[in-house]
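Everything below concerns the one structure shown next.
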Amino acid sequence: MNEDFAKEHLHNGLRRVREALLWKLDGLGEYDVRRPLTPTGTNLLGLVKHLALLESAYFGMVFDRPFPEPLPRWDDPATHGTDLWATEHETREEIVDRYRRAWAHADATITALPLDAPGHVPWWPHPDVRLSTVLVHMLAETNRHAGHADILREQLDGATGLRPHHATDRDAAARDAHYAQVERAAKAAAG
């Protein structure tokens, strides 16, 4: 496979899933984007804040191209977990804008370096890596968190999918009928 094609394919995948994650915030009020929707406190805006930190680290310090803004370190006990939720003093706009700046910084790293560019991830068991490994890792990580966001958003208003037009693929009656069908099958299987 052509290296330029592979790099662009992976990079485009990362770009698409970033946008999908952000649209999960569209149309929701401040409480809904911030409130904990799981017992561990997972919330939509926290996922965006977390991914800004990850992109800045993986495409920044790993390749000796530090992100120009101070962000909490993932391994600092004093700030552990603070990247997973938004305080009342942080605005949605600040967090989304920081994520977009982290994208721009990551995109510059991805564009400037070849897929076999060496990097160092000190928190990995095998810390010597290549850009290709980090790009695949961040694509997987961002997809994972976009999946979390999809489920959280579905809990709030039923919106699902990668794009806003997917959010209205089914009307409420069709969604309720599908839910009832799955519930009946689960009960029948359980005996």
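The values are calculated or read from the model by the stated rules, or taken from the named source; none is laboratory data. Predicted, not measured: the structure shown is a model, and the values here were computed from it. Here the Cβ positions follow ideal geometry from the backbone for every residue, glycine too, while neighbour counts run over all protein chains shown. Just so you know, the surface numbers come from the protein's heavy atoms only, side chains and all, with ligands and any DNA or RNA stripped out. Shrake-Rupley method; radii C 1.70, N 1.55, O 1.52, S 1.80 Å.
So which of 139, 115, 152 ends up being touching a residue at least 24 places away in the same chain (Cβ under 8 Å) and in contact with a strand residue (DSSP E or B) (Cβ under 7 Å, 6 or more places away or on another chain)?
Values: 139 fails: in contact with a strand residue (DSSP E or B) (Cβ under 7 Å, 6 or more places away or on another chain); 152 fails: in contact with a strand residue (DSSP E or B) (Cβ under 7 Å, 6 or more places away or on another chain).
Answer to the selection: 115.
I'm trying to understand the selection: among the residues of the stretch 73-93, which are open to solvent by 100 Å² or more (accessible area, probe 1.4 Å), more than 16 Å from the chain's Cα centre (by Cα) and modelled with pLDDT under 80? Let's see the steps before the verdict.
As a first pass, look at the stretch 73-93 and keep what is open to solvent by 100 Å² or more (accessible area, probe 1.4 Å): 73-74, 77, 80, 85, 88-89, 93.
Going one step further and asking which of them are more than 16 Å from the chain's Cα centre (by Cα), we end up with 73, 77, 80, 88-89, 93.
The answer is 73, 77, 80.
Of the numbered conditions (1) in contact with a helix residue (DSSP H, G or I) (Cβ under 9 Å, 6 or more places away or on another chain); (2) of a type outside the set (Lys, Arg); (3) touching a residue at least 40 places away in the same chain (Cβ under 8 Å), residue 158 fails exactly one; give the number of that condition.
The single condition residue 158 does not satisfy is (3).
All but one of (1) within 16 Å of the chain's Cα centre (by Cα); (2) within 30 Å of residue 4 (Cβ to Cβ) hold for residue 96; state the number of the condition that does not hold.
Checking residue 96 against (1) within 16 Å of the chain's Cα centre (by Cα); (2) within 30 Å of residue 4 (Cβ to Cβ), the one that fails is (2).
Loosely packed, with under 11 Cβ neighbours inside 10 Å, among the aliphatic types (A, V, I, L, M) and modelled with pLDDT under 95: is that true of residue 167 in this structure? Write out each step before concluding.
Details: loosely packed, with under 11 Cβ neighbours inside 10 Å: no; among the aliphatic types (A, V, I, L, M): yes; modelled with pLDDT under 95: yes.
Criteria not met by residue 167.
Residue 98 versus (1) among the charged types (D, E, K, R); (2) farther than 22 Å from residue 144 by Cα; (3) touching a residue at least 40 places away in the same chain (Cβ under 8 Å): which is the lone unmet condition?
The failed condition is (2).
For the stretch 131-165: of the residues being of a type in the set (A, V, I, L, M, F, W, C) and not in a helix (DSSP H, G or I), which is farthest from residue 61 (Cα to Cα)?
Of the stretch 131-165, the ones of a type in the set (A, V, I, L, M, F, W, C) are 131, 134-136, 138-140, 146, 149, 151-152, 156, 159, 162.
So of that shortlist, the ones also not in a helix (DSSP H, G or I) come out as 159, 162.
Working: 159: 36, 162: 30 Å.
In this case the residue turns out to be 159.
I want to confirm something. Restricting to the stretch 15-72 and keeping residues that are among the hydroxyl-bearing types (Ser, Thr, Tyr) and open to solvent by less than 70 Å² (accessible area, probe 1.4 Å), which single residue is farthest from residue 119 (Cα to Cα)? I'd like the intermediate steps shown before the answer.
As a first pass, look at the stretch 15-72 and keep what is among the hydroxyl-bearing types (Ser, Thr, Tyr): 31, 38, 40, 42, 56, 58.
Okay, now just the ones that are also open to solvent by less than 70 Å² (accessible area, probe 1.4 Å), so 38, 42, 56, 58.
Details: 38: 35, 42: 30, 56: 14, 58: 9 Å.
Applying the filter and picking the extreme gives 38.
Which of the helices (runs of 4 or more DSSP H) contained wholly in the stretch 4-123 include at least 2 residues that are under 22 Å from residue 134 (Cα atoms) and small (Gly, Ala, Ser)? If you could, list the steps in order and put the result at the bottom.
Working: elements: 30-34, 44-58, 92-112.
Passing ranges, in order: 44-58, 92-112.
Go through the stretch 111-154 and count every residue that is among the aromatic types (Phe, Trp, Tyr) and either under 15 Å from residue 14 (Cβ atoms) or buried (at least 18 other Cβ atoms within 10 Å of the Cβ) (or both). Don't jump to the end; show me each part of the working.
Of the residues in the stretch 111-154, the ones among the aromatic types (Phe, Trp, Tyr) are 123-124.
Checking which are either under 15 Å from residue 14 (Cβ atoms) or buried (at least 18 other Cβ atoms within 10 Å of the Cβ) (or both) leaves us with none.
Going through the stretch 111-154 one residue at a time, the tally reaches 0.
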